[in-house]
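Undergrad: A single structure is presented below for examination.
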Amino acid sequence: MTRSTARRAKMLRVGELAAATGVTVRTLHHYEETGLLISSGRTEGGHRVFGPEGVERVYQVRALRELGFSLVEIGNILEGGSATNDLLASHLVAVEQELERLRLLRERLRSLTSRDYTAADVEELIATLEAMSCVELHRKRRDIPVG
């Protein structure tokens with residue numbers, strides 16, 4: 001096996017990278033379009049290939065997404081263009097606000113389920129439904145569909 005063949009053996013096509021990292025091919029294409037992921041080259045047939053740094057990069061993006069960062073924020077963090085502590089602090093505030101909303105929703109739901117459902121007055125039921133809608137709307141705003 002020549003050196004170039006050994007090097008190519010470590011390279012993954014986009015489908016293989018998707019399988020190895022647990023994301024979709026569409027997500028990887030989106031990461032490439034937004035500059036979060038850069039292919040290491042192309043095969044003779046023109047297919048993108050990624051080396052070990054591509055795998056690592058996808059795991060970094062996934063870890064930061066798990067923390068709730070947007071793709072723009074992740075790009076800034078990974079490129080060192082943002083003060084990471086400032087981003088973490090602002091994100092912590094947002095998470096604490098969401099936790100407070102969820103706490104309130106939990107209290108309302110417990111209150112409703114602790115008695116006969118038919119006994120719940122209409123205003124309390126409407127307030128609970130509004131709180132649930134608010135939580136869902138907030139989640140949808142934070143999620144960016146990429147696959």
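Undergrad: For segment 45-68, give me each residue that is farther than 22 Å from Ala20 by Cβ and not small (Gly, Ala, Ser).
TA: Residues of segment 45-68 that are farther than 22 Å from Ala20 by Cβ, as a first pass: 68.
Once the filter is applied, which keeps residues that are farther than 22 Å from Ala20 by Cβ and not small (Gly, Ala, Ser), segment 45-68 yields nothing.
Undergrad: Another question, if that's okay. Checking Gly81 against (1) small (Gly, Ala, Ser); (2) modelled with pLDDT under 80; (3) in a helix (DSSP H, G or I); (4) under 29 Å from Tyr31 (Cβ atoms), which single condition isn't satisfied?
TA: Of the numbered conditions (1) small (Gly, Ala, Ser); (2) modelled with pLDDT under 80; (3) in a helix (DSSP H, G or I); (4) under 29 Å from Tyr31 (Cβ atoms), the odd one out for Gly81 is (3).
Undergrad: Applying the selection to segment 40-54, what residues are exposed (fewer than 15 other Cβ atoms within 10 Å of the Cβ) and either under 15 Å from the mean Cα position of the chain (by Cα) or touching a residue at least 12 places away in the same chain (Cβ under 8 Å) (or both)? Talk me through it step by step, then tell me what you get.
TA: Kept after step one, since they are exposed (fewer than 15 other Cβ atoms within 10 Å of the Cβ), are these residues of segment 40-54: 41-47, 52-53.
Passing the criteria: Gly41, Thr43, His47, Pro52, Glu53.
Undergrad: Give the residue that is modelled with the highest pLDDT, with candidates limited to residues of segment 18-39 that are buried (at least 16 other Cβ atoms within 10 Å of the Cβ) and polar (S, T, N, Q). Steps first, answer last, please.
TA: Of all residues in segment 18-39, those buried (at least 16 other Cβ atoms within 10 Å of the Cβ) come to 18, 21, 23, 27-32, 36-37, 39.
Now narrow it down to the ones that are polar (S, T, N, Q): 21, 27, 39.
On the way: Thr21: 92, Thr27: 95, Ser39: 90.
Filtering first and then ranking leaves Thr27.
Undergrad: Within segment 64-72, can one find any residue that is β-branched (Val, Ile, Thr), modelled with pLDDT of 80 or more, surrounded by 15 or more Cβ atoms within 10 Å (Cβ to Cβ) and under 20 Å from Gly35 (Cβ atoms)?
TA: Of all residues in segment 64-72, those β-branched (Val, Ile, Thr) come to 72.
Those left that are additionally modelled with pLDDT of 80 or more: 72.
Filter again for surrounded by 15 or more Cβ atoms within 10 Å (Cβ to Cβ), leaving none.
No, there is no match, as no residue in segment 64-72 is β-branched (Val, Ile, Thr), modelled with pLDDT of 80 or more, surrounded by 15 or more Cβ atoms within 10 Å (Cβ to Cβ) and under 20 Å from Gly35 (Cβ atoms).
Undergrad: Scan (1) touching a residue at least 12 places away in the same chain (Cβ under 8 Å); (2) surrounded by 12 or more Cβ atoms within 10 Å (Cβ to Cβ) for the single condition Gly15 breaks and write down its number.
TA: (1)
Undergrad: Let me ask another. Name the pairs: first residue in segment 112-140 and open to solvent by less than 80 Å² (accessible area, probe 1.4 Å), second residue at pLDDT below 70, Cβ to Cβ under 9 Å, at least 6 apart or on different chains?
TA: So the pair list comes out as Leu112/Ala120; Leu125/Tyr117; Thr128/Ala120.
The values are calculated or read from the model by the stated rules, or taken from the named source; none is laboratory data. From a predicted model like this one, the values you see are computed outputs, not experimental measurements. Glycine also receives a Cβ, built like all others from the backbone with ideal geometry; neighbour counts cover every protein chain displayed. Each accessible area value is taken on the protein alone, full model and side chains, heavy atoms only, with ligands, DNA and RNA left out. Shrake-Rupley method; radii C 1.70, N 1.55, O 1.52, S 1.80 Å.
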